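Submitted below is the structure of interest, expressed as structure tokens.
The values are calculated or read from the model by the stated rules, or taken from the named source; none is laboratory data. Values in this document were obtained by computation on a predicted structure and should not be read as measured data. Backbone-built Cβ (ideal geometry, glycine too); neighbour counts: all protein chains shown. To get the accessible areas, we keep the full protein, side chains included, count just its heavy atoms, and leave off ligands, DNA and RNA. Shrake-Rupley method; radii C 1.70, N 1.55, O 1.52, S 1.80 Å.
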Amino acid sequence: MATAPTTAEKGGARGSKGSSDGPSRPGDWNRRFRLPAPRVLFSALGLAAAAVGAVWALYGSDWFRVERVKTSGTRVLTPAEVERAAAVPVGAPLASVDTDAIAARTRQLLPRIESIEVVRSWPRGIDLKVTERKPALLIEKGGKFTEVDMAGVRFATVATAPRGVPLLVLDASSSPSLRRFGADRLLREAVRVRGELPAEIARNTRVVRVTSYDSVTLELTGGRTVFWGSGEHGPVKARVLTALLKATPKAGHFDVSAPTAPASSGS
């Protein structure tokens, strides 16, 4: 009499047909871990060789080395002065030139330079694009003139005064303003006043005299004077002064210290 298969025998029968949990066959392993195709491998090697070649061309070859330095934008300085201060490493690989260091060094050695842009000009040049400071006022001492720009920076001393630049006379030794604010602050106030002047009035201004923080006087051509007062409300004072000069052209003294109540007098 036949007996039914036991549970163990049934399991063995199923296992004999193959199970997904069994060991992988060699073909399965190859499908999972295939080597790159030769075409892909050669492409990667080509890219690596190109990168090495590019690095060599930039740093090791003679193709991209500094041979020329060109300066533009100078007005008072000469290109030779700028290039001497810049000390660009001629013959060095162009890619390795430290442009920031060149700019910092040039500004330090030549305070007349307000800003300088150092640009690589491929394949073999460095361009120096200079912006010089412009004098807004002059301070005379010992027969020489110190130039002061619109930021209040004293940047150069020259033997001959540039034309059209007013002289600053700081005469505040007896004023409490000098002790309270200091000479540099009074200098900046004078520059502030100079910066507010319309172009035509600025051209006719010969002296900016500061006796205290709130007492600035302009000395114009033709012996005319303008009491400006403090540096506050500069744009309004400039408009009022322009109107006064047109309304009373023969006046010798103008007061715009209180721009809502200006005055002119004398001849």
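Below 8 Å between Cα atoms, with a sequence gap of 6+, how large is the relative contact order for region 202-267 in percent?
24 percent
Convert each backbone phi in region 108-121 into a coupling constant with the Karplus relation 6.51 cos²θ - 1.76 cosθ + 1.60 (shift: θ = phi - 60°), then list the ³J(HN,Hα) values in order as whole Hz, x for Gly and Pro.
Coupling constants for region 108-121: 5, 7, 10, x, 5, 7, 7, 8, 9, 10, 9, 10, 6, 10 Hz.
For the pair Trp63 and Arg163, what calculated FRET efficiency results from E = 1/(1 + (r/R0)^6), where r is the Cβ-Cβ distance and R0 = 45 Å, to the nearest 0.05?
Calculated transfer efficiency: 0.40.
While we're here: Once both labels are modelled 7 Å past Cα along the beta-carbon direction, what's the Val207-Ala258 spacing in nm?
2.7 nm
If amide H atoms are built 1.01 Å from N in the plane of the peptide, which residues on other chains or at least 5 residues away come under 5 Å of the amide H of Ala156?
Sorted by chain and number, the residues that satisfy this are Glu147.
Next question, about the same structure. What does the charge add up to near Val240, with Lys and Arg as +1, Asp and Glu as -1, over the other residues with Cβ less than 13 Å from its Cβ?
Net local charge, Val240 excluded: +1.
For the residue pair Thr248 and Asp171, what label-to-label distance in nm results when each label sits 7 Å from Cα along the Cα-to-beta-carbon direction?
So the label points at Thr248 and Asp171 sit 2.2 nm apart.
May I pose another question? Going by amide H atoms built from the backbone, whose H comes under 5 Å of the H on Leu137, apart from near neighbours?
Val148
Would you kindly state how much longer the chain becomes between Arg154 and Ala101 on full extension, computed as 0.36 nm times their sequence separation minus their alpha carbon distance, in nm to one decimal?
Taking Arg154 through Ala101 to full extension adds about 16.8 nm, to one decimal.
Something else: Summarise the accessible area of region 192-267 (1.4 Å probe, protein heavy atoms) by the percent that is carbon and sulfur.
53 percent
Another question about this same structure. Quick check: Cα centre of region 133-188 to Cα centre of region 109-129, how many Å?
Going from one Cα centre to the other spans 29 Å.
I would also like to ask the following. Let me check I've understood the local charge: for Asn204, count other residues with C-beta under 14 angstrom from its C-beta, Lys and Arg +1, Asp and Glu -1. What total comes out?
So the environment of Asn204 carries a net charge of +4.
Straight distance only, please: which aspartates and glutamates reach the Cα of Lys134 with their own Cα at less than 19 Å, same-chain residues fewer than 8 apart left out?
Glu81, Glu114, Glu117, Glu147, Asp149, Asp184, Glu189, Glu196, Glu200
Using 0.36 nm per residue, how much length does the chain from Trp122 to Arg75 gain when fully extended, once their Cα-Cα distance is taken away?
14.3 nm
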